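One structure is given below, encoded as structure tokens.
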Amino acid sequence: MTVYVNQLGGDPPRVGLPPEGGAVIVWALDTGRSVVAGHAVEEAAAVLDAAERERAGRLVRPGDRHAYLASHLGLRALLGGYLGAAPADVSLIREECPCCGGPHGRPAVAGGGVHFSLSHTAGVAYLAFAALPVGVDVEATPGPAVVSDVLSTLHPVETAELTALAEADRPVALGRLWARKEAVLKATGAGLAQGIAEPYVGSGPTPAQVAGWTLRDLTAPPGYAAAVALAGR
């Protein structure tokens, strides 16, 4: 897997050709921006589809709503660039859930053309694009209370790894682990429906190998961790 990381700002992005083979193109975005990829966030309704507008409308906190609109404007602008379409004309669907077969699996472009994944948290979004199924995740470093809450729900080896660390070192290690695990679960489309024990991804400096996937940590701002997973090895 070859990963290229870019910064998405207020100007329309120069995306180039869609990624091929084992290449993954990742874009990082500050979701606090008022203009994303040439589109004003306050005018997002003109670009997003009905489902996205409905989802944004359910978000109570203005900051959460702004982050959602900003990241989805970025997603549509980038997909439009790769597909040669206007951002508003990109048709998004949900694939079948691999756990139950329901229509809430991985988000995808109707008709294919490029695989993508989006993650946003605490002012930062990461968007990944590839020719193969891909998952990306970015996480803010959790607090000590979160570590205590999830410690027993992880893979037993991951629980042992975190328990062996000094308490002060556990939040950073958990953030790293969580980003890796979410990246794989987003790539498969399973999400958190079956818990977070599997797959084992490890909490150390290097991700563990996951059968059928290539998993890699991404550079992230201080206080965050990020990872990307791509189908195949």
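Key figures for this structure:
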read-out: Ala23-Ala110 FRET efficiency (beta carbon distance; Förster radius 22 Å; 0.05 resolution); value: 0.45
read-out: Heavy-atom SASA rank of Tyr82, Tyr200, Tyr4 (probe 1.4 Å, accessible area, largest first); value: Tyr4, Tyr200, Tyr82
read-out: Theoretical ellipticity at 222 nm over the chain - DSSP helices of four or more residues, -39500 (n - 2.57) apiece, nearest 500; value: -9000 deg cm²/dmol
read-out: Accessible-area value, Thr219, 1.4 Å probe, nucleic acids and ligands omitted, Å²; value: 120 Å²
read-out: Neighbour net charge for Ala51 - beta-carbon separation under 14 angstrom, K R +1, D E -1; value: +2
read-out: Projected area, mean over directions - the chain, Cα convex hull, nm²; value: 12.3 nm²
read-out: Environment charge of Val35, counting only residues whose C-beta is closer than 13 Å and scoring Lys/Arg +1, Asp/Glu -1; value: -3
read-out: Accessible area in the full protein assembly, largest first, 1.4 Å probe, for Glu96, Glu158; value: Glu96, Glu158
read-out: Descending Cα extents along the principal axes, region 2-45, whole Å; value: 37, 17, 16
read-out: √(5λ) per eigenvalue of the Cα gyration tensor, region 154-193, largest first, Å; value: 23, 11, 6
read-out: Val60 - accessible surface, heavy atoms, 1.4 Å probe, Å² rounded to 10; value: 130 Å²
read-out: Formal net charge of residues neighbouring Leu8 (Cβ-Cβ distance under 13 Å; K, R +1; D, E -1); value: +1
read-out: Gain on full stretching of the segment that runs from Ser152 to Glu54 - 0.36 nm per residue minus C-alpha separation; value: 31.7 nm
read-out: Span-rule helices in the chain, defined as complete DSSP H runs reaching 24 Å or more along the axis (Cα) with Kyte mean at least -1.0; value: 62-83, 170-188
read-out: In order through region 119-128: 3J(HN,Hα) via Karplus (6.51 cos²θ - 1.76 cosθ + 1.60), integer Hz, x for Gly, Pro; value: 9, 9, 7, 6, x, 10, 10, 10, 10, 10
read-out: Pair Ala40, Ala211: separation of 7 Å Cα→Cβ label points (nm); value: 5.4 nm
read-out: Ala160-Thr2 pseudo-label distance in nm [points 7 Å out on the Cα-to-Cβ vector]; value: 3.9 nm
read-out: Spacing of the two label points (7 Å from each Cα toward its C-beta) at Val172 and Glu95, in nm; value: 3.5 nm
read-out: Interchain or long-range residues, amide H under 5 Å from Leu92's placed H; value: Ala110
read-out: Residue-level accessible surface for Phe116, protein heavy atoms, 1.4 Å, Å²; value: 10 Å²
read-out: Most positive-pole-ward Cα, Ala128, His66, Ala86, against dipole of region 54-139 from beta carbon charges; value: His66
read-out: Val124 long-range amide H proximity, modeled H, under 5 Å; value: Thr31
read-out: Amide H partners (placed H, <5 Å) of Leu218, local residues excluded; value: Ala226, Ala227, Val228
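The values are calculated or read from the model by the stated rules, or taken from the named source; none is laboratory data. Since the structure is predicted, the reported quantities are computational estimates derived from the model, not experimental observations. Cβ coordinates were reconstructed from backbone atoms using ideal geometry, including for glycine residues, and neighbour counts include every protein chain displayed. Side chains are part of the model used for accessible areas, which takes the heavy atoms of the whole protein and leaves out ligands, DNA and RNA. Shrake-Rupley method; radii C 1.70, N 1.55, O 1.52, S 1.80 Å.
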